[in-house]
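Engineer: Below are the structure tokens for one structure; questions will follow.
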2 protein chains.
Amino acid sequence: MTKIGFIGLGIMGGPMAANLVKAGFEVTGYNRSRAKVDRLVDAGGEGAASVAGAVRDADVVITMLPDSPDVQAVVLGEDGVLANAKPGALLIDCSTIRPDVSRAIAGRMRALDAPVSGGEQGAIDGNLSIMVGGAAEDFEAAKDILDAVGGTVVHVGAAGAGQTVKAANQLIVAGTIELVAESLVFLEAHGVDTDAAIKVLSGGLAGNRILDRKAAAMVQREFTPGFRVELHHKDLGIVQAAAREAGVVIPLGAAVAQLMASLNAQGHGALDHGALIELVAQLSGRE
Amino acid sequence: MTKIGFIGLGIMGGPMAANLVKAGFEVTGYNRSRAKVDRLVDAGGEGAASVAGAVRDADVVITMLPDSPDVQAVVLGEDGVLANAKPGALLIDCSTIRPDVSRAIAGRMRALDAPVSGGEQGAIDGNLSIMVGGAAEDFEAAKDILDAVGGTVVHVGAAGAGQTVKAANQLIVAGTIELVAESLVFLEAHGVDTDAAIKVLSGGLAGNRILDRKAAAMVQREFTPGFRVELHHKDLGIVQAAAREAGVVIPLGAAVAQLMASLNAQGHGALDHGALIELVAQLSGRE
């Protein structure tokens, strides 16, 4: 029986840990807020009072944390995963962080970077897309665990490659939301029936998941997250740093990063990222 | 029996006219190059030696032409559609042109603007997306004809609205190609397995038709059109003019228009628009 230590039981980590319990794994969870630990215990898991307590007996440690510094502290810090886990334990870091941080961690312990896409609903349904970087044998060893939380689980390369693909994912998602936002404001300004337009746009080469899942809420100016502007702003910082590191020029990526930064700077960090349509409306004097 | 006059039997118009013959309409076609007229005759249609000859007996006239000046000349010019068609004949203009030109034509005769999306394959399969502007009763009268060439046929508003939605379509398509191009060059530079990455990106919120249909060819740098850069460059001019007219600011639309313009200016107008990946590679010193 594989024992899993799970650190970070938030919007994404909570349902992922619960799905692992459901799949028959022994899961011991830790979160700074005790209420989230209690939720895992209610779902049939074990609660721990510290990172050390969650990972001490674990064969596999999963982390799902907000940003690079959180992962560095929890994994490499004193009282962290590396200091307390069994020798040979495997870390699966599902956080979205900088690829170079993932590579640095993989230099210190057996580790996969395994960021996810699909949002809260994907986490609840156990249907996440998971892009995995690391050694092939570690990927094989982790496959049952990843399949318990993911629908599309793909090994994309060596350590850090999962984060690199996740960065590309966040670039495409932000850019597509902005393209749909510009199109919708353009259609509204011309007095076109946006519901009919969304239908016909979805049927052709312009078709995408943002039109399918988000355009209707964007037309309604309904921005309950979903995925928050402040997190996507953080992710676009990762995209830009990783592109600079590789010497790759990303004109649309850079432009949408600026727009997301403006939305965040104007105090809308807690809204869903579909709120980019508000910024296009603002820039066009149509608020 | 509805008689159709069809002007413009090129890559798109040719198979559309053939599908109308197959659906049982009497189609008389005209094209400047006689070889394309002969192809329609081989498919069971009638050939004409002039616009006048194609439209004289027609109940419905369909035009499928490259650009706004072509449509203005063929429809409004002497020896054109308006001068030669029967009173009350309905024009269905399937060209992608400026919305204001469509509105001007609709002020002179019964007309629908009905630009299409879906490319040569969609035209051959009779499965185009068609975005239709004009009077509701004219849309109803044309529905059987449009259904014979289209899969998703939607009435989106008054005269010009079809062109406005097509402009939005071209904005989203160009922008999505560029986002995928930036992502692929970024992944290549980081040494990531792009086939695996395309698979996992397609499974999440980043999923779109460009990843499904074009990304593999872009990775191979295979740019047989498909849809040519020079035409998409023309269309992005329409998008920018129509956005300015409505006072709408489109930061990503403007940026991708510049990139497509550069590709065209560098002599790549005859390549498929997926060639945007070559420009990203060039900008990144990775050719």
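The values are calculated or read from the model by the stated rules, or taken from the named source; none is laboratory data. As the structure is a computational prediction, the values presented were derived from the model and not from experiment. Methodologically, a virtual Cβ is constructed for each residue, glycine included, from the backbone with ideal geometry; neighbour enumeration extends over all protein chains shown. What goes into the accessible areas is simple: the full protein's heavy atoms, side chains included, and nothing from ligands, DNA or RNA. Shrake-Rupley method; radii C 1.70, N 1.55, O 1.52, S 1.80 Å.
Engineer: Of everything in segment A:104-134 that's within 14 Å of chain B (Cβ to nearest Cβ) and assigned to a loop (DSSP other than H, G, I, E, B), which residue is nearest to A:K22 (Cα to Cα)?
Structural biologist: Within segment A:104-134, the match that is nearest to A:K22 (Cα to Cα) is A:G126.
Engineer: Here are some residues: A:Q258, A:Q240. Which one is closer than 16 Å to A:A174 by Cα, within 9 Å of another protein chain (Cβ to nearest Cβ), of a type in the set (S, T, N, Q) and open to solvent by 40 Å² or more (accessible area, probe 1.4 Å)?
Structural biologist: Numbers: A:Q240 fails: within 9 Å of another protein chain (Cβ to nearest Cβ).
A:Q258 is the lone residue from the list that is closer than 16 Å to A:A174 by Cα, within 9 Å of another protein chain (Cβ to nearest Cβ), of a type in the set (S, T, N, Q) and open to solvent by 40 Å² or more (accessible area, probe 1.4 Å).
Engineer: Go through B:A54, B:A17, B:A58, B:A49 for me and flag whichever is in a loop (DSSP other than H, G, I, E, B), touching a strand residue (DSSP E or B) at 6+ places or on another chain (Cβ under 7 Å) and assigned by TED's automatic domain parsing to the domain that holds B:V116. Quick ask: steps written out before the conclusion?
Structural biologist: Working: B:A54 fails: in a loop (DSSP other than H, G, I, E, B); B:A17 fails: in a loop (DSSP other than H, G, I, E, B); B:A49 fails: touching a strand residue (DSSP E or B) at 6+ places or on another chain (Cβ under 7 Å).
Every option except B:A58 fails the conditions.
Engineer: Which ones in segment A:177-225 are facing another protein chain (nearest Cβ under 7 Å), closer than 15 Å to B:S129 by Cα, among the aliphatic types (A, V, I, L, M) and assigned to a helix (DSSP H, G or I)?
Structural biologist: A:A196, A:A197, A:V200, A:L201, listed by residue number.
Engineer: So, one more: Every residue in segment A:72-103 that is part of a helix (DSSP H, G or I), in contact (Cβ under 8 Å) with a residue 12 or more places away in the chain, closer than 21 Å to A:K234 by Cβ and out of contact with any strand residue (DSSP E or B) (no Cβ under 7 Å at 6 or more places or on another chain), please. It would help to see each step written out before you state the result.
Structural biologist: Our first condition is that a residue be part of a helix (DSSP H, G or I); within segment A:72-103, this holds for A:72-76, A:81-84, A:99-103.
Right, trim to in contact (Cβ under 8 Å) with a residue 12 or more places away in the chain and you get A:72, A:74-76, A:81-84, A:99-103.
With the extra rule that they be closer than 21 Å to A:K234 by Cβ, the set shrinks to A:72, A:74-76, A:99-103.
Result: A:Q72, A:L76, A:P99, A:D100, A:V101, A:R103.
Engineer: Assess whether A:L211 counts as being out of contact with any Pro (no Cβ under 8 Å at 6 or more places or on another chain), open to solvent by less than 20 Å² (accessible area, probe 1.4 Å), within 18 Å of B:G207 (Cβ to Cβ) and outside the structural domain of A:G122 (by TED's automatic domain parsing).
Structural biologist: Details: out of contact with any Pro (no Cβ under 8 Å at 6 or more places or on another chain): yes; open to solvent by less than 20 Å² (accessible area, probe 1.4 Å): yes; within 18 Å of B:G207 (Cβ to Cβ): yes; outside the structural domain of A:G122 (by TED's automatic domain parsing): yes.
Here the answer is yes, as A:L211 does meet what is asked.
Engineer: Do we find that B:E278 is free of Cβ contacts under 8 Å to residues at least 60 places away in the same chain, surrounded by fewer than 18 Cβ atoms within 10 Å (Cβ to Cβ), more than 12 Å from chain A (Cβ to nearest Cβ) and more than 20 Å from the chain's Cα centre (by Cα) in this structure?
Structural biologist: Details: free of Cβ contacts under 8 Å to residues at least 60 places away in the same chain: yes; surrounded by fewer than 18 Cβ atoms within 10 Å (Cβ to Cβ): no; more than 12 Å from chain A (Cβ to nearest Cβ): yes; more than 20 Å from the chain's Cα centre (by Cα): yes.
When the stated conditions are applied, B:E278 does not pass them.
Engineer: Let me ask you something else. How many of the residues in segment A:154-170 are more than 8 Å from every other protein chain (Cβ to nearest Cβ) and β-branched (V, I, T)?
Structural biologist: Number of matching residues: 0.
Engineer: Please name all residue pairs, on different chains or six or more residues apart, with Cβ atoms under 6 Å, provided the first residue is in segment A:243-254 and is over 19 Å from A:E182 (Cα atoms) and in the same structural domain as A:Q170 (by TED's automatic domain parsing) and the second residue is assigned to a helix (DSSP H, G or I) and open to solvent by 40 Å² or more (accessible area, probe 1.4 Å).
Structural biologist: Close Cβ pairs (under 6 Å, with a partner that is assigned to a helix (DSSP H, G or I) and open to solvent by 40 Å² or more (accessible area, probe 1.4 Å)) amount to A:V249/B:L283.
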